[in-house]
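What follows is a set of notes on a single structure, which appears directly below.
The values are calculated or read from the model by the stated rules, or taken from the named source; none is laboratory data. Here the structure is a predicted model, which means the values were calculated and not measured. Here the Cβ positions follow ideal geometry from the backbone for every residue, glycine too, while neighbour counts run over all protein chains shown.
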Amino acid sequence: MPLVFISYASDDEAKAVKLARALRRAKDIDVWIDIEQIEPADDFLDKMTDGIKRADKFIVCLSPAFTSRPPTSWVRRELKQAIVKEVKSGQLSIIPVRLLKGGEIPDELGTRAYADLSTRKRWKRNLPRLIKAIRK
């Protein structure tokens with residue numbers, strides 16, 4: 001069962017949680033999301049790093065909130081760690097997901113295709129494609 005780490009800007013928490021629930025309904029996908037994995041008094045950095053290391057796939061949720069985050073934000077730091085892991089392993093594991101219209105694809109992801117879940121119609125069409133990419 002693949003483990004998927006979901007990284008998102010705090011403004012996008014509700015949509016990220018909705019995505020986590022939808023992926024779990026696929027039954028053969030396990031999800032790591034901070035609000036469920038990190039308890040009070042836990043070391044956030046240790047937990048996050050461990051989650052990224054153990055994950056088979058890393059979803060970065062794109063939105064205007066993501067784009068506006070500075071390079072030192074948690075969501076940007078998580079993406080940097082995932083990129084380092086991907087480079088070391090030689091396997092593509094980062095899957096960009098557009099949660100809301102607007103925002104930009106980070107330069108670090110180049111021309112990588114993303115799953116567009118920004119509208120109800122796109123969610124319905126692209127969620128099955130995202131699940132298929134996770135299972136690859």
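Those helices (runs of 4 or more DSSP H) of the range 1-120 in which 2 or more residues are buried (at least 17 other Cβ atoms within 10 Å of the Cβ) and in contact (Cβ under 8 Å) with a residue 12 or more places away in the chain occupy 13-25, 44-54, 64-68, 74-89.
Test Phe58 against the stated conditions and say whether it is at pLDDT 90 or above, aromatic (Phe, Trp, Tyr) and over 17 Å from Ile131 (Cβ atoms). It is false that Phe58 is at pLDDT 90 or above, aromatic (Phe, Trp, Tyr) and over 17 Å from Ile131 (Cβ atoms).
For the criterion of being in a helix (DSSP H, G or I), closer than 21 Å to Ala26 by Cα and modelled with pLDDT of 95 or more, Ile131 passes. In the set Glu78, Glu86, Glu104, Glu108, only one residue is of a type in the set (Asp, Glu), in contact with a strand residue (DSSP E or B) (Cβ under 7 Å, 6 or more places away or on another chain) and over 18 Å from Ala133 (Cα atoms); that residue is Glu78.
Every listed requirement among (1) under 24 Å from Ile105 (Cα atoms); (2) touching an Asp or Glu at 6+ places or on another chain (Cβ under 9 Å) is met by Phe44 save one, (1). Scanning the range 9-25 for residues that are over 22 Å from Arg77 (Cβ atoms) and touching a strand residue (DSSP E or B) at 6+ places or on another chain (Cβ under 7 Å) yields Leu23, Arg24. Only one of the numbered conditions (1) touching a strand residue (DSSP E or B) at 6+ places or on another chain (Cβ under 9 Å); (2) within 16 Å of Ala9 (Cα to Cα) is violated by Thr72, and that is (1). Hey, does the range 33-41 have a residue that's at pLDDT 95 or above and closer than 23 Å to Lys136 by Cβ? Within the range 33-41, one or more residues are at pLDDT 95 or above and closer than 23 Å to Lys136 by Cβ.
Could you list all residues from the range 89-135 that are among the small types (Gly, Ala, Ser) and in contact with a Pro (Cβ under 9 Å, 6 or more places away or on another chain)? Result: Gly102, Gly103, Ala113, Ala115.
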